[in-house]
Every structure is written in structure tokens, then in C-alpha cells.
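Peer 1: Input: one structure, supplied below.
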Amino acid sequence: MRRALTGLLSLAVLLGTATATATGAISPESLTPPGMSTAQQTDIKDLILAIPGMRLIKETPHPDYRFFTLSYRQPIDHRDPSKGTFQQRLTLLHRDTARPSVFHTSGYSLYPSLMRTEPAQIIDGNEVSLEHRFFSQSRPERGDWTTMTIRQAADDQHRLFTELKKIYTKKWISTGSSKGGMTAVFYERFHPKDMDGVVAYASPNDVDDTEDSAYDRFFNSIGTPECRDKLKSLQQEALVRRVPMERRLDDWAVANRASFKTLGSLSEAYEAAVRDLAWNYWQSGARDNCASVPDPTTASDQDLYDAISWITQFSSLSDRGLKDTSPYYYQAGTELGSPALDLPHLKGLTRFAPPSPRTFVPRHIPMAFKPGVMKDIDRWVRNHARRMLFVNGEFDPWSAEPFRLGEDTEDSYVLTAPGTNHYTEIASLKARDKALATARIQEWAGVAPVGEDPSEAEALAPYDATLDRRARDQRHPGLRLLGP
């Protein structure tokens, strides 16, 4: 079987106390004087910190919102609490408890700065963003890697949501992009009664990890024949001129103190980058960028190297760049799957076997792939999806195997934004689809006026240059080796 991958702040002491209910949960009303609403009399920070296990890391000033970076105590194993706990980071963008809320997941580390997802702008709501377990600072000490599963991550979300719902009582929409979109889908599959709607962007659905011909068909049809041929020629020439290219990469590595032991050697890292040139071009580029790619057969060595490094971030292939990616690769090698490509035009030019998820996970951590996991998710979405919206980019390779809907799904949609890549948005959809998506999200969130013309639906909050820096900021860096 061919296998080529796609491939801070210290915690403050707990602030605020409150009376616990009989079940151990905090009642916001217990903090509020009789006759006064929670919003009127109780500071939102006190309400949040009254949740058992919640800690404040910091609060970032903003003129229109309250923005908190927090840490929440979670069980390492939701099925066996005796295994201990770990601290899971999250951020909270507080607008008003009278507004609906968005539950955002990146599927990776927490993005620490002020940022608002598109659904939160569309409904003018609050937003919670949760760091995925085992990433960055949300990693259990001496953690049991068998608990790094999509079900455990969904249970993390459910447990946090159960507490937050007592404060933010209006409707909730979950969202995520790329692996974060997958995470939102997994959450919906295992806890379908929590959210009132789901918006998943650019979310791959690798149902059968042994059958990846959809990706080959994608690369044989995307863009123009001229552009596809130029990218193939670029890959071939990059391997024919391997010696001068690797010499330049070595100069860069020395200057930047970079090493490539994770991938085996500088040569193996270089070849892995060349294998993925077309993927990374389409994932992050656009149809019109092809004119910027020089003719590989006539380009100088330096121009050829510049073209390769323009498409490929060599820093992301270094040991430093791959340092914190093992949790993703563990998931890819145990549950999510990893797309493989057939590259017949490189036959006789490659020297190494392509990397696999095992390449990036320490050898002492056992890995065994469970082929039924994504099949279960796919089957559930096809048969039970309710109020789910999937937004894909036309030129995004990760959308070659998308989520699909069946006859029994309810109020759910799969929409494709023309001319966009992995960083697609609802704003990039055709006008009719954009209005449809906006109207459905607002209705799911309970903020759409009854009888409003869906064709005129627009975001309820204006664009904010500070908050709405979305696109690339929401997703993991661009290389396929780093996953979706």
C-alpha cells in the first residue's frame, strides 16, 4: 500500500467563589441579588471562574468585548476518572449572555490572540475556542496516548459546554476549519443534542484509508492542463537538479540552525517537500498564481530553488517546525487516516519511501489504525446530519474526499466556494449560497427575524479589522505534512 502523508503565560490562582448546587455545578443565580438579572449585577469573569476547575490565565482588553484566556480541568479519560486530570486551555470572547454563542475548535493548539470566527460575526455572538487535548499546553503529564481519540475530545467539549450553557443559555453553533471542522463534526456525532447547528469548513473525510484515488482524480483535473503540466515539470526538475537544490537548502539550514532528523535527513526532507509541491500549491495558492511559477526547464538553479521554497515552507519540515505535530500524526495513524498520492511522473527520480504517520510519533508510543472510526462518522453524517453546513474550496485538495449528505439528513448543506483553496469562507461563496448559509446559521442561532427574506441575509456584526483576521490564522500552517 502506498503511503505519502499530506501532510506562555503562567496560570493565576482561581478567582471568585460561589455557592454550588446540589449536583456540584455553579448556579449563576446564586451570585445574583434578588430582583437583579445575572447580566446586570454579576461580572462575567466571576460567573466563569465559579465553574469548578476553571482558572484564569489572563484577560485581554478590548473596547467592545471581554476576552479571557482560561484553563479548565478535564479528566484524562472520561470513561475512567481515576486516571487523573489535565488542564485544557480555552479562550472566551464575551459579547453578552443574551446573545447566542459559538463553540470553535481548531483541532490543534489554541490561537492565543483576539479573533472571531465567521459564524460568530454572522450571529454577533459570544465565542469559546478550545485547544485540542494533547496539543501545546493541554497535554496530560505522562499522558496515556490511548485517550487521544476523537471520542475523548468530543467528551472534552461536551463537559465544558455543559457548564457554559448554564451561563450562556441561548442557542449554540459549533464550528471549525480543516481538522477543527472535523472535530466539530465528531462532537456532533457523539453529542448531537448539545449544538443547535454546525458549520464545518474545508473538512476532509478519509473514509477508507486504503483507497485514495479521489485525490489522484483531483490532481488530474484541477486547474488548467498547462498549469498541471508546469507543476509536474517543476517536481521533476527539482529532483533532476537535486544536488544544487539540496546545497542551497543546506546553506539555509546552517544559517537558521535547522535540522531534519525527524524526516531522517536533509535529503529525505527535500524529497518529501518535492512530492507535495502540487498539493501545497493548490492548498494555499490560486489558479492565477501559476503564471508566477517559472518554466522549470529554463529556470536557473536559484530561480528553481526560489520557486520551490515559495510553495514549500522548508522551516515547517525542520525538527523545530515538526516539534509539536506528533499529536496530529498519532490521530492520522490511529483514526483519521492520511491521504496517499500516486505520482507516476516521478518514477525513477525518487530515492526514499514517503513518510508515514509513524515517522512523526516517538517509537515508544504504540500505534494501531482503527479502520472503522471514520466509516462510522461518515455513515452517521449521511444518515443523521441535522442543521449541518459544510463549506469547501474548489481548489482545496482536502476537499477531494468531502463529507456527503444522504436522503435522511435534515436542514443540512454542502456548499463549494468557487476559486478558493483551503482557506475558504462563507463570504467567498456565490451570492445565492452565501445568503442561504448566512440565513440558515442565523435561524439555527435564533437570531433571524421570522419571515426575513433569506436572499438578503447578511452578517449581524460589522467587519472588525482586529477580530476578523480569519483565513490562514485559524488553520495550522500550510504544508500537507502538517495535515489539514
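Peer 1: When you scan region 446-483, how many residues do you find that are over 17 Å from residue 171 (Cβ atoms), modelled with pLDDT under 85 and among the hydrophobic types (A, V, I, L, M, F, W, C)?
Peer 2: Number of matching residues: 4.
Conditions tested, residue by residue: (1) surrounded by 23 or more Cβ atoms within 10 Å (Cβ to Cβ); (2) modelled with pLDDT of 95 or more; (3) aromatic (Phe, Trp, Tyr); (4) out of contact with any Lys or Arg (no Cβ under 9 Å at 6 or more places or on another chain).
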site	(1), (2), (3), (4)
175	yes, yes, no, yes
184	yes, yes, no, yes
191	no, yes, no, yes
197	yes, yes, no, no
200	yes, yes, no, yes
203	yes, yes, no, no
227	no, no, no, no
238	yes, yes, no, yes
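Peer 1: Tell me which residues, restricted to region 110-134, are modelled with pLDDT under 95, hydrophobic (A, V, I, L, M, F, W, C) and within 29 Å of residue 334 (Cα to Cα).
Peer 2: Selection gives 110 alone.
Peer 1: Among the residues of region 370-420 satisfying the criterion of being among the β-branched types (Val, Ile, Thr) and within 30 Å of residue 288 (Cα to Cα), which is surrounded by the most Cβ atoms within 10 Å (Cβ to Cβ)?
Peer 2: Quick first cut of region 370-420, residues among the β-branched types (Val, Ile, Thr) only: 373, 377, 381, 391, 409, 414, 416, 420.
Then drop every residue that is not within 30 Å of residue 288 (Cα to Cα), which leaves 391, 414, 416, 420.
Details: 391: 28, 414: 18, 416: 18, 420: 22.
Result: 391.
Peer 1: Can you name the number of the only condition in (1) closer than 19 Å to residue 51 by Cβ; (2) touching a strand residue (DSSP E or B) at 6+ places or on another chain (Cβ under 9 Å); (3) open to solvent by 50 Å² or more (accessible area, probe 1.4 Å); (4) at pLDDT 95 or above that residue 171 fails?
Peer 2: (1)
Peer 1: What pairs come up if the first residue lies in region 223-236 and is under 11 Å from residue 297 (Cα atoms), the second is open to solvent by less than 60 Å² (accessible area, probe 1.4 Å) and not aliphatic (A, V, I, L, M), and their beta carbons are under 6 Å apart, counting only those six or more places apart or on different chains?
Peer 2: Pairs found: 233/296; 234/296.
Peer 1: What's the total number of residues in region 207-225 that are open to solvent by 10 Å² or more (accessible area, probe 1.4 Å) and in contact with a helix residue (DSSP H, G or I) (Cβ under 8 Å, 6 or more places away or on another chain)?
Peer 2: Applying the first criterion (open to solvent by 10 Å² or more (accessible area, probe 1.4 Å)) to region 207-225 yields 207-211, 213-214, 216-225.
Still in the running and in contact with a helix residue (DSSP H, G or I) (Cβ under 8 Å, 6 or more places away or on another chain): 207-209, 214, 217-220, 222-224.
Summing the residues that are open to solvent by 10 Å² or more (accessible area, probe 1.4 Å) and in contact with a helix residue (DSSP H, G or I) (Cβ under 8 Å, 6 or more places away or on another chain) in region 207-225 gives 11.
Peer 1: Separate question: Report whether or not residue 303 is farther than 24 Å from residue 397 by Cβ and open to solvent by 50 Å² or more (accessible area, probe 1.4 Å). Don't jump to the end; show me each part of the working.
Peer 2: Values: farther than 24 Å from residue 397 by Cβ: yes; open to solvent by 50 Å² or more (accessible area, probe 1.4 Å): yes.
Yes, satisfied.
Peer 1: Run down 252, 282 and say which single residue is over 30 Å from residue 384 (Cβ atoms), open to solvent by 30 Å² or more (accessible area, probe 1.4 Å) and aromatic (Phe, Trp, Tyr).
Peer 2: Values: 282 fails: open to solvent by 30 Å² or more (accessible area, probe 1.4 Å).
The unique qualifying residue is 252.
Peer 1: Can you give me the number of residues within region 264-279 that are hydroxyl-bearing (Ser, Thr, Tyr) and either modelled with pLDDT under 95 or open to solvent by 20 Å² or more (accessible area, probe 1.4 Å) (or both)? Show your work before the answer.
Peer 2: In the first step, residues of region 264-279 are kept if they are hydroxyl-bearing (Ser, Thr, Tyr); the result is 265, 267, 270.
Restricting the remaining residues to those that are either modelled with pLDDT under 95 or open to solvent by 20 Å² or more (accessible area, probe 1.4 Å) (or both) gives 265, 267.
Selection size over region 264-279: 2.
Peer 1: Can you name the number of the only condition in (1) crowded, with 22+ Cβ neighbours inside 10 Å; (2) within 30 Å of residue 264 (Cα to Cα); (3) modelled with pLDDT of 95 or more that residue 426 fails?
Peer 2: Of everything listed in (1) crowded, with 22+ Cβ neighbours inside 10 Å; (2) within 30 Å of residue 264 (Cα to Cα); (3) modelled with pLDDT of 95 or more, residue 426 misses just condition (2).
Peer 1: Something else: Can you pull out every residue in region 74-107 that is open to solvent by less than 10 Å² (accessible area, probe 1.4 Å), under 16 Å from the mean Cα position of the chain (by Cα) and either of a type in the set (Asp, Glu) or closer than 20 Å to residue 324 by Cα (or both)?
Peer 2: Once the filter is applied, which keeps residues that are open to solvent by less than 10 Å² (accessible area, probe 1.4 Å), under 16 Å from the mean Cα position of the chain (by Cα) and either of a type in the set (Asp, Glu) or closer than 20 Å to residue 324 by Cα (or both), region 74-107 yields 90, 105, 107.
Peer 1: In region 326-347, is there at least one residue being outside any helix (DSSP H, G or I), at pLDDT 95 or above and not small (Gly, Ala, Ser)?
Peer 2: There is at least one residue in region 326-347 that is outside any helix (DSSP H, G or I), at pLDDT 95 or above and not small (Gly, Ala, Ser).
The values are calculated or read from the model by the stated rules, or taken from the named source; none is laboratory data. Here the structure is a predicted model, which is why all the values come from computation and not from measurement. For neighbour counting, all protein chains shown are included, and Cβ atoms are generated from backbone atoms with ideal geometry for every residue, glycine included. Heads up: the accessible areas ignore ligands, DNA and RNA and are worked out on the full protein's heavy atoms, side chains in. Shrake-Rupley method; radii C 1.70, N 1.55, O 1.52, S 1.80 Å.
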